[in-house]
Every structure is written in structure tokens, then in C-alpha cells.
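Computed from the coordinates by the stated procedures, all read-outs in this text should not be read as laboratory data. For clarity, every value in this text was computed on a predicted model and none was experimentally measured. Here the Cβ positions follow ideal geometry from the backbone for every residue, glycine too, while neighbour counts run over all protein chains shown.
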Amino acid sequence: MIVLSLFDGMSCGQIALRDMGIPVTRYYASEIDKWAIQQTQLNFPDTVQLGDVRNVEARTLGHIDLLIGGSPCQSFSFAGKRVGMSTTAHEKVLTLARYMELKEQGFEFAGQSYLFWEYVRILAEVREANPNVLFMLENVEMGKQWEAVIDQALGVKGVHINSALVSAQVRKRIYWTNIRTFQADLFDVPESAIPQPKDRGILLKHILDDEVPDRFYLKPETIEKLLQHKQRNKANGNGFGAKFHQGGGR
């Protein structure tokens, strides 16, 4: 299988494919964070790094079997300002065609969530060589308006899954994929047939060690910086920042 991963991070997609026993003959990754790239190359040294997603020319890569990625979520998140995919002049970008026009004209975009349209652009280019390419996109729970825009752009409705079902973390996300779909309404886009995972009942107390070396504890000055960062975000109108919990729940 030949894979193209956008917004690859530390290549969790590659980890998942490995754990599922799916052989990968070539793995292309688009990522800009140097630390994430270093971690990926340590774990998977054969990864072909492509750099900034805005500069990826998928047509030059040939046949791709699977396109995956999780585009930036901050402008969609309920913890943020929820400007979605917009320009700094507050124009909502609702189609790939309009995005490409604005990009060519040098318009600036608010936040980073507009990069979803780069995923759509690259998907279209990949389909030129393989019309049947499989894809999966992940993003955060968001307002219905922007979810509908993504549904239409990808041609499939997303499935909502909370990672709390399989981990100790509450992480509500939407996954769009054509790997398994069904047509519920003849006049609407297909829906994902990916089932909800079975709740494993995993809590934080199940993954914490009773005795941890001091080097793994946050220093007081680090905690203070995290709290200050949270306060700056609050002043800017969003809820991003660290949360400190006690007890064994999620």
C-alpha cells in the first residue's frame, strides 16, 4: 500500500497501519514541525517527508492507495473563536474553487483551519491517478454549518466518535472516510458505515503508575507558565490551555 499522510505529526497513521498488520510499501508525509518529523524518522526512517502541505504536488507522486490526515482544528473548535475557514476580512470560504482563487490572489486566512482545502485539493489531484483512492480525514466536533461544508466537499457525512470509548481521554472527533459507506438518502451524500467502538471502560486511574520518578513531574515554574498561557488564551476569547485534574476519572 502506498500512503500519503497530510498533517502527519509524529506519524500516528503509520503506527496504526503497522499495528493492524497492513504492509506499507511507501509512506509520504506532509509535516512542518521539526520535532514531530524527527520522531517520525526515528521510528520510521523510510518515511518520505514532503514538507508544507501548501506546497505538495500530489500529481508528481503517482498512484496513491490511501490518503489520510487531520487538518488544523482550532478555528472549528468550541474552545476557540469558531471563525472556521475564513479570510482575515471575514469572508467564509465554502468551496475549493473559491479557496484557490483567494490563495492565488494572496489573501490572508484566519487561523489554520482553512488548510482543510489543501486536503481537498490534494485529494482531487490524487484521484487523477487513482479515482478509487481511499481517504480518511479527522477533525474536532464543530458547528453544523462547517460540518456540512466538509460533508459536501468530501462527498460523505462524517461519523462522530469519542475516544473515551477506547481510552482514558475524552476526545470527541469527527471522521470522514469512503472506506465503508451506505446511502441513507438517495438525494444526499453517503454516510459512513464505520461502527461505534465498544466502550472499554478505561479511566485515568487505569493508566497511571503509583510510583513515578521525580523527573516526570512538572516543575512549579512550568505549571505557572502553562497557567499563564491558559489565561492569555482566555483573554483572547478562546478556551485553549492545560487542565489539571485530580482523581481517577476522565
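Projected over all directions and averaged, the alpha-carbon convex hull of region 57-202 occupies 9.9 nm².
Over the chain, dividing the summed -39,500 (n - 2.57) contributions of all DSSP H runs of at least 4 residues by the number of residues returns a 222 nm mean residue ellipticity of -8500 deg cm²/dmol. The share of Cα pairs per 10 Å bin across the chain, counted from zero up to the longest distance, runs 6, 24, 35, 25, 9, 1 percent.
Given +1 at the Cβ of Lys and Arg, -1 at the Cβ of Asp and Glu and no other charges, the dipole of the chain around its Cα centre is 700 debye to the nearest 20.
Of the residues THR87, VAL126, GLY158, the one whose Cα sits farthest towards the positive end of the charge dipole of region 57-202 is GLY158 (charges of +1 on Lys and Arg Cβ, -1 on Asp and Glu Cβ, taken about the Cα centre). Spin-label model, PHE240/ILE15: points 7 Å from Cα along the beta carbon direction are separated by 2.1 nm.
What net charge is computed for the residues neighbouring PHE216, neighbours being all others with C-beta under 14 Å from the C-beta of PHE216, Lys and Arg scored +1, Asp and Glu -1?
Neighbour charge sum, excluding PHE216 itself: -2.
Between ASP188 and HIS229, full extension at 0.36 nm per residue minus the direct alpha carbon distance yields a gain of 10.4 nm. Helix 116-129 and the longest principal axis of the Cα set of the chain meet at an angle near 50°.
The distance from the alpha carbon centre of region 180-213 to that of region 73-137 is 25 Å, rounded to a whole number. Looking only at region 57-202, where both bridge partners belong to it, what percent of the DSSP beta bridges are antiparallel (to the nearest 5)? The antiparallel proportion sits near 70 percent.
Have a look at the DSSP beta bridges in the chain and tell me what percent are antiparallel, nearest 5. Antiparallel bridges make up about 45 percent of those DSSP assigns within the chain. When only alpha carbons are used to place a centre, region 30-67 and region 151-167 end up 24 Å from one another.
Just so you know, the Cα atoms of region 1-108 work out to an Rg and Dmax of 16.0, 47 Å. Dipole orientation for the chain: of the candidates PRO220, ALA193, LEU42, PRO220 has the Cα lying most toward the positive pole (charges on Cβ; Lys, Arg +1; Asp, Glu -1). Structure note, pairs LYS172/LYS205; LYS157/LYS230; LYS34/LYS219: Cα-Cα distances above 22 angstrom occur for LYS157/LYS230; LYS34/LYS219.
Pairs of C-alpha atoms in region 206-250 farther apart than 13 Å represent 66 percent of all such pairs.
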